[in-house]
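Peer 1: Got a structure for you, written out below as structure tokens; questions coming shortly.
The values are calculated or read from the model by the stated rules, or taken from the named source; none is laboratory data. Predicted model only: the values in this text are computed from it and were never measured. Note that each Cβ is placed from the backbone with ideal geometry, even for glycine, and that neighbours are counted across all protein chains shown.
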Amino acid sequence: MRRTNYLNNRDILAEIHKSKSTFCSFVGDEDHRFDIILPSIEKINIRTIAEAKRNKAKRLALHAYESAKAEGKKVKQAEFEIDYRKIDKKDLVFRIMTFDHIPEEPGRKKNPKTVADTKVKLNFPPFQHYKFNEQDQLICVGKSHWQGGMENGCFDLTHGKATNKLAMMWMKLCDRYATRGNVRGYTYNDEMRGQAILQLAQIGLQFDESKSNNPFAYYTAAVTNSFVRVINLEKRNQNIRDDILEMNDMNPSYTRQHAGEWENLQKRQAREAEKNGSGR
């Protein structure tokens, strides 16, 4: 039976990009497509420009190849290769990770350790997009958490949303994780799945593309933590219920009874081993 790839990093990254773009404002229609991510504008140099050209050439070639395949043509990917040296520097878009346009919020954290701790709390790391103009000068063509023009716009945190497809990916990931052998037997499986979906809705866009290109691992770790958190909480509540039942001379849960039988068995075997050892 052919294996089905129900989620992959490429599709997840594309939906994360679309979702983040709804929180942003851009000058042109194509200014949202960045070619490289850099920590500061000072990092834009000959080497990073060449890397951005290679990334753009690869993306354009892949898009042309997939479009041809969608039309039913029998083509090879090598036929669509683009020489990155032919790409104009003015067509490149640089994503710069920065908090420059984010308003201050003093006192949000008692002991701020990073720049983010002194700014308004955001749903994902902020950035700006830059391009070269005709005078070979860098100009800002896009801002995250922004509405309006680059000069006369304003900070806005609420006008965007996650795409429906990304939300379906979160739900599908949680549903598939809930069928794993180590969690599917719990009676509160639905509660664990609901908690995991809520967790992804809160931190789903916090994935930073500048640090990793594997959002699947990031989401899986978050889902695992949510499931374990609910299991630990339920076990703690069950122990409290069992203690109350035992205090009132009532039978505790089967789990506690089996655990008690196992402990008694271990103690009995240990005593027998001691007797046999002393008898020799």
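Peer 1: Are any of the residues in segment 122-134 part of a helix (DSSP H, G or I), closer than 28 Å to residue 67 by Cα, touching a residue at least 24 places away in the same chain (Cβ under 8 Å) and not hydrophobic (A, V, I, L, M, F, W, C)?
Peer 2: Here is the first cut: in segment 122-134, the ones part of a helix (DSSP H, G or I) are none.
Scanning segment 122-134, I find no residue that is part of a helix (DSSP H, G or I), closer than 28 Å to residue 67 by Cα, touching a residue at least 24 places away in the same chain (Cβ under 8 Å) and not hydrophobic (A, V, I, L, M, F, W, C), so the answer is no.
Peer 1: Looking only at segment 1-46, which residues are surrounded by fewer than 11 Cβ atoms within 10 Å (Cβ to Cβ) and either at pLDDT 95 or above or touching a Ser or Thr at 6+ places or on another chain (Cβ under 8 Å) (or both)?
Peer 2: Matches in segment 1-46: 39, 40.
Peer 1: Evaluate the following for residue 176: is it without any contact (Cβ under 8 Å) to a residue 60 or more places away in the chain and either in a loop (DSSP other than H, G, I, E, B) or among the charged types (D, E, K, R) (or both)?
Peer 2: Taking the combined requirement at face value, the residue does not satisfy it.
Peer 1: Answer with yes or no whether residue 46 is in the same structural domain as residue 140 (by TED's automatic domain parsing), in contact (Cβ under 8 Å) with a residue 40 or more places away in the chain and β-branched (Val, Ile, Thr).
Peer 2: no
Peer 1: Could you tell me whether any residue of segment 130-150 is in the same structural domain as residue 234 (by TED's automatic domain parsing), under 26 Å from residue 11 (Cβ atoms) and in contact with a Lys or Arg (Cβ under 8 Å, 6 or more places away or on another chain)?
Peer 2: no
Peer 1: Moving on to the next point. Going by what's in this entry, would residue 93 be described as under 30 Å from residue 161 (Cα atoms) and surrounded by fewer than 16 Cβ atoms within 10 Å (Cβ to Cβ)?
Peer 2: When the stated conditions are applied, residue 93 does not pass them.
Peer 1: Condition check: within 19 Å of residue 15 (Cα to Cα), in a loop (DSSP other than H, G, I, E, B) and outside the structural domain of residue 98 (by TED's automatic domain parsing). Does residue 182 satisfy that?
Peer 2: So residue 182 does not fit the description; no.
Peer 1: Continuing with this model, one more query. Given the residues 253, 278, which is the only one that is modelled with pLDDT under 80 and in the same structural domain as residue 188 (by TED's automatic domain parsing)?
Peer 2: Only one candidate qualifies: 253.
Peer 1: Any residue at all in segment 197-211 that's within 12 Å of the chain's Cα centre (by Cα), without any contact (Cβ under 8 Å) to a residue 12 or more places away in the chain and under 30 Å from residue 38 (Cβ atoms)?
Peer 2: Taking every residue of segment 197-211 in turn, at least one turns out to be within 12 Å of the chain's Cα centre (by Cα), without any contact (Cβ under 8 Å) to a residue 12 or more places away in the chain and under 30 Å from residue 38 (Cβ atoms).
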